[in-house]
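Below: one structure, written as structure tokens.
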């Protein structure tokens, strides 16, 4: 998902130099993980919880939240939608 989110944004901007840097220097630092049926089930539960609170998140945002929770990670985003989750969030645009 991370690859998709980053690459689609760079491709949309036609940021060829940034794509090259991302693919050769940044991407190799990340480990790919499989999304399991347990992760999907957790995403379903989060969706229900969000809708009950009047919030509708995209499936990809729900999965990002699930993976962040699963690995006790930090989600880097400027999107306020993730505030509904009990996770650590950093907005690098503000730094």
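In summary, helices (runs of 4 or more DSSP H) completely within the stretch 2-71 and bearing 1 or more residues that are assigned by TED's automatic domain parsing to the domain that holds residue 85 occur at 37-52, 59-70. Per this entry, residue 70 is not counted among residues that are surrounded by fewer than 12 Cβ atoms within 10 Å (Cβ to Cβ), touching a residue at least 24 places away in the same chain (Cβ under 8 Å) and out of contact with any helix residue (DSSP H, G or I) (no Cβ under 6 Å at 6 or more places or on another chain).
Determine whether the stretch 46-64 contains at least one residue that is in contact (Cβ under 8 Å) with a residue 60 or more places away in the chain and touching a helix residue (DSSP H, G or I) at 6+ places or on another chain (Cβ under 7 Å). Looking for residues that are in contact (Cβ under 8 Å) with a residue 60 or more places away in the chain and touching a helix residue (DSSP H, G or I) at 6+ places or on another chain (Cβ under 7 Å), one finds at least one in the stretch 46-64, hence yes.
Take the residues in the stretch 41-83 that are within 14 Å of the chain's Cα centre (by Cα) and over 22 Å from residue 4 (Cβ atoms), then tell me which one is modelled with the lowest pLDDT. Please lay out each step first, then the result.
Applying the first criterion (within 14 Å of the chain's Cα centre (by Cα)) to the stretch 41-83 yields 43, 57-83.
Filter once more, keeping what is over 22 Å from residue 4 (Cβ atoms): 72, 83.
Numbers: 72: 94, 83: 85.
Per the stated criteria, the residue is 83.
Would you pick out the residues in the stretch 22-42 that are surrounded by 13 or more Cβ atoms within 10 Å (Cβ to Cβ) and farther than 14 Å from residue 86 by Cα?
Listed by number, the residues that qualify are 22, 23, 27, 35, 39, 40.
The values are calculated or read from the model by the stated rules, or taken from the named source; none is laboratory data. Since this is a predicted model, take the numbers as computed values, not measurements. Cβ atoms come from the backbone with ideal geometry, glycine included; neighbour counts cover every protein chain shown.
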